[in-house]
Amino acid sequence: MALAIRSLAALGGLALSLTAPGLPALANGGVTITSYGHSALLIQGGGASVLINPFRAVGCAAGLAEPRVNANVILASSRLLDEGAAVAGGTMLSSPGSYRLAGLRIEGIAVAHDRFGGRRFGKATLWRWKQGGLEFAHLGGTAAPLSAEDQVLLGKPDVLIVGVGGGAKVYDGAEAAAVVRQLAPRRVIPVQYVSGPTPKTCDLSSVEPFLKAMAGTPVKRVGRVLSLPAKLGNGLQIDVMR
């Protein structure tokens, strides 16, 4: 088993945590996604691993275990501690631009972090890339409405990762639902919401207002690990991870 893991890691310079789940998806195409809470996800597949929004356990992430995993690429919405904490290993990207790393073409798009043109929290970065045959869009750290230009740049993702908890710098449930309708993905993974006791300094709510705003859409509560094939069926599904 150890030899098999080393062989997979050698393909394309893949950097994986030996404790991270998800190897079957790497062998069969598609991706395996592991949630670490808040908006931190590890996406493995297509010969690469991408870690999204590693956090320090502060603010709304207080009490969570900080991600301690390796990845080829680390995509951060911003350099705020709850969205872009430094981790060992991998190349961290937080600024907009076009990048080619680990065999992936990654596009970062600048937007306001808040609802006031960035006057409170500055800018955030939306991310788009293709991995394991799937088009991803990561909107885990903004409360700003999408412009027509943003929609063109983001395209029509297969998998949309979107913050839903509300507060000063994250979409609330209704805003996130409007973004889902704009981009028309096949799968939605909501992030940045509170699933247990709310920390004292946290202004996020639960995932439930988003699910209510998306009434009629199939919802699957998948736990901490989600495997997706390279070809998704038609229609929309919400995958709630924890």
Note to self: Let me confirm something: among Val164, Val188, Val179, Val194, which residue is surrounded by 23 or more Cβ atoms within 10 Å (Cβ to Cβ) and closer than 24 Å to Ala65 by Cβ?
What the structure shows: Val164
Margin query: Report every pair of residues separated by at least 6 positions or lying on different chains whose Cβ atoms are under 6 Å apart, first residue within segment 94-120 and under 12 Å from Ser77 (Cβ atoms), second modelled with pLDDT of 95 or more and assigned to a strand (DSSP E or B).
Written below: Pro96/Gly108; Pro96/Ile109; Gly108/Gly97; Gly108/Trp127; Ile109/Leu126; Val111/Leu126
Notebook entry, point to check: From the set of residues in segment 60-85 that are within 21 Å of Arg120 (Cβ to Cβ) and either at pLDDT 80 or above or touching a helix residue (DSSP H, G or I) at 6+ places or on another chain (Cβ under 8 Å) (or both), which is surrounded by the most Cβ atoms within 10 Å (Cβ to Cβ)?
Noted result: Ser77
Check: Can you name every residue in segment 40-60 that is part of a loop (DSSP other than H, G, I, E, B), among the small types (Gly, Ala, Ser) and in contact (Cβ under 8 Å) with a residue 12 or more places away in the chain?
Finding: Ala40, Gly46, Gly47
Notebook entry, point to check: Among (1) of a type outside the set (A, V, I, L, M); (2) part of a strand (DSSP E or B); (3) farther than 21 Å from Ala62 by Cα, which single condition is Pro190 missing?
Noted result: (3)
Notebook entry, point to check: Given the residues Val170, Val152, Val180, which is the only one that is at pLDDT 95 or above and over 17 Å from Gly108 (Cα atoms)?
Noted result: Val180
Next item on the list: Quickly run through segment 183-210 and pick out the residues that are touching a helix residue (DSSP H, G or I) at 6+ places or on another chain (Cβ under 7 Å) and not β-branched (Val, Ile, Thr).
Entry: Leu183, Pro190, Pro199, Cys202, Leu204, Pro209, Phe210
Check: Which one is surrounded by the fewest Cβ atoms within 10 Å (Cβ to Cβ), of the residues in segment 102-138 that are modelled with pLDDT under 95 and in a strand (DSSP E or B)?
Finding: Ala110
Note to self: I'd like to check something: does segment 200-218 contain any residue that is of a type in the set (Ser, Thr, Tyr), surrounded by fewer than 15 Cβ atoms within 10 Å (Cβ to Cβ) and touching a Gly at 6+ places or on another chain (Cβ under 8 Å)?
What the structure shows: yes
Check: In segment 156-183, what count of residues is obtained for those that are over 15 Å from the mean Cα position of the chain (by Cα) and free of Cβ contacts under 8 Å to residues at least 40 places away in the same chain?
Finding: 8
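The values are calculated or read from the model by the stated rules, or taken from the named source; none is laboratory data. What you see is a predicted model; the values in this text were computed from it and never measured. Glycine gets a Cβ as well: all are built from the backbone with ideal geometry, and neighbour counts include every protein chain shown.
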